[in-house]
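Every number in this text was worked out from the coordinates using simple rules, so none of it is lab data. Everything quoted here is computed from the prediction, not taken from an experiment. Please note: Cβ atoms are built from the backbone with ideal geometry, for glycine as well, and neighbour counts cover all protein chains shown.
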Amino acid sequence: MKHFRLLFSLILLLLCFPALVYALSVNLAWDYTQGSTAATNFVMERCVGSGCTGYSTLSTTIPVATLAYSDTAVTYNTWYSYRVRAKDAQGGLSAPSNVVSFQTPAATVDAPVNLRGTVTP
């Protein structure tokens with residue numbers, strides 16, 4: 001019975017706050033093979049806008065064993081371009097990877113549901 005209440009509460013929470021489940025994010029993944037100088041981590045860079053030219057650093061601490069990154073600081077209906085670099089222990093950076101670009105979807109407003117009414121005399 002205890003597990004049923006917990007499951008029911010979780011389902012109710014998800015129904016009341018669907019944005020918590022469907023958060024907007026851009027998920028990135030890449031391949032990497034160590035070269036003659038070992039990389040210690042990756043640096044993710046992002047540029048905002050279509051035809052952008054200036055990249056800013058999102059993260060400098062992605063572990064070398066982690067070949068993925070999720071950018072959750074994105075907004076609807078916006079262009080984003082990403083590239084990643086390998087970084088060695090002395091702070092040296094590799095050339096950037098290829099660039100991938102995305103336009104996030106336009107925001108939509110959910111329709112109200114379960115409209116009810118009563119007639120009063």
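Cβ-Cβ under 6 Å, sequence separation 6+ or interchain: first residue in segment 77-98 and under 21 Å from SER25 (Cα atoms), partner of a type in the set (Gly, Ala, Ser) and outside any strand (DSSP E or B). Which pairs?
Sorted first by the residue in segment 77-98, then by its partner, the pairs are ASN77/ALA106; TRP79/GLY49; TRP79/SER50; ARG83/SER97; VAL84/SER97; ARG85/SER94.
Within segment 35-55, count every residue that is part of a strand (DSSP E or B), out of contact with any Leu (no Cβ under 7 Å at 6 or more places or on another chain), farther than 23 Å from ALA106 by Cα and β-branched (Val, Ile, Thr).
Result for segment 35-55: 1.
Can you name every residue in segment 56-83 that is crowded, with 17+ Cβ neighbours inside 10 Å and either in a loop (DSSP other than H, G, I, E, B) or of a type outside the set (A, V, I, L, M, F, W, C) (or both)?
Passing the criteria: TYR69, ASP71, TYR80, SER81, TYR82, ARG83.
Could you look through segment 27-55, keep only residues that are more than 26 Å from TRP79 (Cα to Cα) and among the hydrophobic types (A, V, I, L, M, F, W, C), and pick out the one that is surrounded by the fewest Cβ atoms within 10 Å (Cβ to Cβ)?
In this case the residue turns out to be ALA38.
Consider SER70 carefully, then state whether it is without any contact (Cβ under 8 Å) to a residue 24 or more places away in the chain, under 15 Å from the mean Cα position of the chain (by Cα) and on the phi < 0 side of the Ramachandran plot.
Numbers: without any contact (Cβ under 8 Å) to a residue 24 or more places away in the chain: no; under 15 Å from the mean Cα position of the chain (by Cα): yes; on the phi < 0 side of the Ramachandran plot: yes.
No: the conditions fail for SER70.
Is one or more of the residues making up segment 104-117 surrounded by 14 or more Cβ atoms within 10 Å (Cβ to Cβ) and touching a residue at least 12 places away in the same chain (Cβ under 8 Å)?
Checked segment 104-117: at least one residue is surrounded by 14 or more Cβ atoms within 10 Å (Cβ to Cβ) and touching a residue at least 12 places away in the same chain (Cβ under 8 Å).
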